[in-house]
């Protein structure tokens, strides 16, 4: 096994961990795709059920739409097609013949859902219609792909929602923001929520809100987005409803995309350390390994004691590791794989009726009497959950630059800064080019402070404060 | 709403039920695909967790492979590509350009898994490797599609398994047969398990076993298959392992495909009746509707009583239906949608502290004291589960024909018969043509009786007994 790189060298560390902790395999041979292995699938399934249950609580119903989208549907919203046409995979051939009309492989599913919305929605009684589906989507990314960060096949949840009024639709956007915010906190991921600039919106959206996870090196990774679509999709797809007074009206709509693979990438990146992965307890059905430590005569006693410990540890799932490696190798493995806890049991523990619990996140040991094990495990896992939330709240204040020199100077010290901004796409492009890749990410949601007079980059009239960061 | 067709006219009844019970929508506009609506998704998710948990118990690990398969991998097993090349969807274009090498959309995933098996499997310690993935697969079917029975996009689970010896691989096939058999029984689906004839095998298999569900009209629907692949895939994909003696060996492999959409189709078809759907209790998180029946002054008392009943019904989920329809309309709806139970509550029930339970499967009512409600619900749901199993065991004996005249005569009376068979593909084709579509399905698994002397169709030497039926 190659030497474990330090997390300070984030790129090397990341590649090492996803491979050695057996999460995914990048050797599949179709560019921009990966094979998800059992450890990754467990986290992915946990993330899906976490977010699906939150959506169901909020009244979203689960659907599953076909992978293929008719080319004629795909063309209906002008901005949308312009935004995606250079990215889609197209099926031209099937059953040994050219297709009469090529099929688009979904890059996102507005153009799949809206034709059906126009059939399903008849009257105000059908609204709000809050839906979602959990699927993979396909985009022919040309930027350098990094496994789970950016790929041509990625896993997500997409909600598509139709409301009778603008007010309701906007309220739903706010609810998305608060739900996503709570969930990212619960997962211990530090993040910013920003309102994207008009030149940086989802194709077809009136407003786009992005959930940018902050990676250990200070770069940001967009893990989800909420878009307020106004009537941009309901109009061209002819979705309309009869209101209480018998008049036809055009409804308003929103969408939320939750990037499951990107959240997985964020979890790996944020929680991992020089020893390997750390999987938050709520994402792992197996809470840890039980590692027996014995020499000669103590073997039988320790093995029997492990069985007793398993009983006491219920209802938490622990796996006893009777493999042939040394205890040291097993410790190494339990940390690399990121099990939340490990239980160490030697002759002393067996004799004294105690167990030693090792907490993966803070790498601390704790010895507890066997009879208190269940309570201590509950308590420890609970504490780990709380400290995840604290981990998420790491962005105390973001330094602000007021002119070009300050921008350049501050970006040498801080990965994320705030500036006053004129709102012009050209200015944003110039900033990006000059600073070697830093981007205007948008206005911070919840920001109340007014902009200064001049754009911190070009000196023109400023109209807002925005976040500047580098993204993956 | 159109008039409810009787189940005697199975085709019309099926189309009516999938549409009116709001399971799927066939108006999506890409041929051979459907939109799954929330009611179907609940059953589908239940089926996935049912089968996934059984596979996990048996030591299968969950993977997720990309949708796309490299054309070069796809070509490696000669029979396999011959069997599928006329059925695949091909991506020629992506990112606005022609692809250098076209991508195949998975019609099944042997050619995705085996290149990775050849990387992952090194030594006997890596075996057995038992995997699965839960995905949609894509086949350009040209036979008439019927929603959920046959489509171009279908949902399934596929296991891919590699063993060090032929013996182990064959034992795994037997375990598949017994697991699938138990599950289909539990779902109340009558079925036959047959060993397919050589001319009717999965492309690349040495042996194929099919799980044929028996539909109400006597036709069969293949809902799953297990294939013993021998070394047909491990050889061309160069999967090999180092055995305990330090020699390289080629392992043996198997696959099981569980057709989730087809099992859904079988559940709808077998359990539904003239009143609509019946969803087996274990597939429905909501066990039923509580329907209040009140007139004028009893309204408040009945509504309060419903809240009390909800408490007593825990931990089973029931939904109180306070909608504006009449109780009669609600009864109609609860049956059409197939809720396992419904609870009726009127003034009398509220005064006497009782509830009336309606069992959907046998359409019988039962009045129970409120205090016994939980016990009675447990018991009733348990009984419903048992009667499902009985429903599955409906094939007592299959009549046997010994010559062509008998075959033709018996097929007028029975949808499924047994014959002595010569084993020749031409004979099977002739039988199919002459009888207007009846097929040799294969040898019944577990059949011990020897074949008669002469093939019941052509009169040549018989070598086995086989099942003849018509398939969807």
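The values are calculated or read from the model by the stated rules, or taken from the named source; none is laboratory data. Owing to the predicted nature of the structure, the values given are computational and were not obtained by experimental measurement. Please note: Cβ atoms are built from the backbone with ideal geometry, for glycine as well, and neighbour counts cover all protein chains shown.
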Worksheet item: Considering the range A:27-37 alone, what residues qualify as being surrounded by fewer than 17 Cβ atoms within 10 Å (Cβ to Cβ) and either closer than 18 Å to residue A:277 by Cα or facing chain B (nearest Cβ under 8 Å) (or both)?
Response: A:27, A:29
Worksheet item: Can we say residue B:24 is crowded, with 17+ Cβ neighbours inside 10 Å, in contact with a strand residue (DSSP E or B) (Cβ under 7 Å, 6 or more places away or on another chain), closer than 20 Å to residue B:339 by Cα and modelled with pLDDT of 95 or more?
Response: yes
Worksheet item: What do you reckon, is residue A:64 in contact with a strand residue (DSSP E or B) (Cβ under 7 Å, 6 or more places away or on another chain), at the interface with chain B (Cβ under 9 Å from one of its Cβ atoms) and within 24 Å of residue B:100 (Cβ to Cβ)?
Response: no
Discussion item. It is to be established whether one or more residues within the range B:44-57 are modelled with pLDDT under 95 and facing chain A (nearest Cβ under 9 Å).
Written reply: no
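Filtering the range A:230-271 down to residues that are on the phi < 0 side of the Ramachandran plot and free of Cβ contacts under 8 Å to residues at least 40 places away in the same chain, which residue is nearest to the chain's Cα centre (by Cα)? Explain how you work it out, then say what you get.
Filtering the range A:230-271 down to residues on the phi < 0 side of the Ramachandran plot leaves A:231-237, A:239-245, A:247-271.
Next cut, free of Cβ contacts under 8 Å to residues at least 40 places away in the same chain only: A:231, A:235, A:245, A:247-248, A:250.
Numbers: A:231: 28, A:235: 31, A:245: 43, A:247: 42, A:248: 39, A:250: 33 Å.
Residue satisfying both the conditions and the ranking: A:231.
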Discussion item. Taking the condition of being surrounded by 16 or more Cβ atoms within 10 Å (Cβ to Cβ) and either more than 8 Å from chain B (Cβ to nearest Cβ) or closer than 15 Å to residue A:202 by Cα (or both), how many residues in the range A:67-99 meet it?
Written reply: 11
Worksheet item: Taking the range A:384-407 as the search range and keeping residues that are in a helix (DSSP H, G or I) and touching a strand residue (DSSP E or B) at 6+ places or on another chain (Cβ under 8 Å), which one is modelled with the lowest pLDDT?
Response: A:392
Discussion item. So for the range B:174-184 (the condition being within 25 Å of residue B:262 (Cβ to Cβ), surrounded by fewer than 18 Cβ atoms within 10 Å (Cβ to Cβ) and modelled with pLDDT under 95), does at least one residue qualify?
Written reply: no
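Here is a yes/no grid of residues against (1) without any contact (Cβ under 8 Å) to a residue 24 or more places away in the chain; (2) surrounded by fewer than 15 Cβ atoms within 10 Å (Cβ to Cβ); (3) touching a helix residue (DSSP H, G or I) at 6+ places or on another chain (Cβ under 6 Å):
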residue: A:386; (1), (2), (3): yes, yes, no
residue: A:389; (1), (2), (3): no, yes, yes
residue: A:396; (1), (2), (3): yes, yes, no
residue: A:407; (1), (2), (3): no, no, no
residue: A:428; (1), (2), (3): no, no, no
residue: A:437; (1), (2), (3): no, yes, no
residue: A:443; (1), (2), (3): no, no, no
residue: A:448; (1), (2), (3): yes, yes, no
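Could you check the range B:219-248 and list, in sequence order, the residues that are part of a loop (DSSP other than H, G, I, E, B) and closer than 30 Å to residue B:468 by Cα?
Those that are part of a loop (DSSP other than H, G, I, E, B) and closer than 30 Å to residue B:468 by Cα: B:219, B:232.
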Discussion item. Out of the residues in the range B:196-218 meeting the condition of being buried (at least 20 other Cβ atoms within 10 Å of the Cβ) and outside any loop (DSSP other than H, G, I, E, B), tell me which one is farthest from the chain's Cα centre (by Cα).
Written reply: B:208
Item to complete: Just name the residue that is farthest from the other protein chains (Cβ to nearest Cβ) out of those in the range B:12-26 that are touching a residue at least 12 places away in the same chain (Cβ under 8 Å) and farther than 30 Å from residue A:110 by Cβ.
Response: B:13
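Is it the case, given these coordinates, that residue B:4 is in a loop (DSSP other than H, G, I, E, B) and either surrounded by fewer than 21 Cβ atoms within 10 Å (Cβ to Cβ) or away from every other protein chain (no Cβ under 14 Å) (or both)? Working first, answer last.
Values: in a loop (DSSP other than H, G, I, E, B): yes; either surrounded by fewer than 21 Cβ atoms within 10 Å (Cβ to Cβ) or away from every other protein chain (no Cβ under 14 Å) (or both): yes.
Yes: the conditions hold for residue B:4.
Looking at residue A:279, is it assigned to a strand (DSSP E or B), touching a helix residue (DSSP H, G or I) at 6+ places or on another chain (Cβ under 7 Å) and at pLDDT 95 or above?
The answer is no for residue A:279.
This table checks each residue for (1) in contact with a helix residue (DSSP H, G or I) (Cβ under 9 Å, 6 or more places away or on another chain); (2) away from chain A (no Cβ under 14 Å).
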{"position": "B:101", "(1), (2)": "yes, no"}
{"position": "B:104", "(1), (2)": "yes, no"}
{"position": "B:111", "(1), (2)": "yes, no"}
{"position": "B:116", "(1), (2)": "no, no"}
{"position": "B:127", "(1), (2)": "yes, yes"}
{"position": "B:141", "(1), (2)": "no, no"}
{"position": "B:169", "(1), (2)": "no, yes"}
{"position": "B:172", "(1), (2)": "no, yes"}
Worksheet entry | Members of the range B:354-364 found to be surrounded by fewer than 18 Cβ atoms within 10 Å (Cβ to Cβ) and either modelled with pLDDT under 95 or closer than 20 Å to residue B:284 by Cα (or both), listed by number | B:362, B:363, B:364
Worksheet, complete the sentence: Filtering the range B:438-462 down to residues that are modelled with pLDDT of 95 or more and over 18 Å from residue B:208 (Cα atoms) yields B:438, B:454, B:455, B:456, B:457, B:458, B:459, B:460, B:461, B:462
Discussion item. Let me spell it out: the conditions are (1) within 8 Å of chain B (Cβ to nearest Cβ); (2) surrounded by 20 or more Cβ atoms within 10 Å (Cβ to Cβ), and residue A:148 meets all of them except one. Which number is the exception?
Written reply: (1)
